[in-house]
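Below is one structure, written out as C-alpha cells, with a few remarks after it.
The values are calculated or read from the model by the stated rules, or taken from the named source; none is laboratory data. Bear in mind the structure is a predicted one, so any value in this text is a computation, not a measurement. Here the Cβ positions follow ideal geometry from the backbone for every residue, glycine too, while neighbour counts run over all protein chains shown. Side chains included, ligands, DNA and RNA excluded: accessible areas come from the protein's heavy atoms. Shrake-Rupley method; radii C 1.70, N 1.55, O 1.52, S 1.80 Å.
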Amino acid sequence: MPNMHRSFCNPPSVLVLALASLPLTGLLAQTPTPVAVPTWRYDVTHAGQNTNETALTPANVNVSTFGKLFSVTVDGNLYAQPLYMPALTMSDGLVHDVFFIATEHDSIYAFDADSNGGTNANPIWQISLLNSAYGAAKGATTVSSEATGTHDIEPEIGITGTPAIDPTTNTLYVVASTTENGKYLMRLHAINILTGAEQPNSPVEITATVPGTGTGSSGGKLTFSALWQNQRGAVDFYNGYVYFAFASHGDDGPWHGWIFAYDATTLAQTAVICTSPNGQRYLLELSAIQCKH
C-alpha cells in the first residue's frame, strides 16, 4: 500500500501519499501488495509491522523509484491514522484500493489509493458526522478546544482516535465528538465503508455512570463527561466487539480513565470500566519568582 504521511497543519489539511514503483509512471502506482490496514499500526497486534511486504527492498527504495505519488485535501486536522482496504467494489460500481481518512472536523473520506486523476480526482464518498443523517442535531458543530481550556488538540475536536474496520462486514467503527444545542456529546458510529452510510443500529451516544466519589461525582455516582474525556487512543475491533478508551485533555477538568466495550452488531454497550471512580484531581500550583537585575 502507499506509505501515507499525515499533515497536522490547520485546515484544510493535505495528506501526501508516497510509494515505491519501478518506475513511477504519471499518477498510477505499482500493483500494490494486497495487505489491508484495517486498524492502527496494521493489525490487532498493533506492532506497526507489515510482515507480508514483498515489494519494497533496499534496492528500489531510493530517490529515483520512491517518492510522492499525489496529495489530497481534507477539511480538518488529522490525528487518526488513515486506514487502507484493497479491492473494494465501491458505491460507484468500480473496484478500488481505498484509503479512509477521519478528520477533527468530524468528516470521513474514502479516496482511491492508486490515483487522483480523472474520475478519482474527488473522493469516492465523503460524509460529515455533523449531519442529521448521522444522528446529529441541527446546527451541530465540533467541540472547540477553548471549551477544554487546553491546546492539546486545536482548534477543534471531532474524530481523534484512529477508527477500526471489520473487513468481514465492511464496517468502520469510529468515535466522534460534537456540540449540539449547548451540550457536549460523543457517539459511536458504524459506517459502511462501501457507501459511507450508517449501518443498522448506528449511531449510539456514549454514556455511563458508575459508583464513585471521585472528582466530578455527585451523590456517590460518577458520570462520564463527553467534554472532559479525550478519546485519543485507537478504536479496536476484536471477536465481534468494539473497544475504546478515554483519558484527559491536558489533565484539565474532572477527567477519569474510562474503557468501553460494545457489541459490534447491535452497538449495545456490553461493558464499561472507570479506572479511577474514587480518584481526586490535585492541582500543583507553582509560584513564579521574578528576578530583577
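For this structure, a couple of remarks:
- When the solvent-accessible area of segment 108-237 is split by element, carbon and sulfur atoms take up 49 percent of it, the probe being 1.4 Å.
- Here segment 124-252 yields Rg over Rh of 0.98, to two decimals, using C-alpha coordinates and the Kirkwood radius.
- For residue 151, the solvent-accessible surface computed with a 1.4 Å probe is close to 120 Å², ligands and nucleic acids excluded.
- Listed peptides 71-83, 134-146 appear in the order 71-83, 134-146 once ranked by packing, highest mean of other Cβ atoms within 10 Å at the front.
- Averaging the Cα positions of each part gives two centres, and for segment 201-238 and segment 126-141 these lie 21 Å apart.
- Put simply, the convex hull of the Cα atoms in segment 66-150 casts, on average, a shadow of 7.6 nm².
- The listed peptides 155-166, 192-203, ordered by packing as a protection proxy, come out as 155-166, 192-203 (highest mean of other Cβ atoms within 10 Å first).
- Computed from point charges on the beta carbon alone (+1 for Lys and Arg, -1 for Asp and Glu), the dipole magnitude for segment 180-238 about its Cα centre is near 200 Debye.
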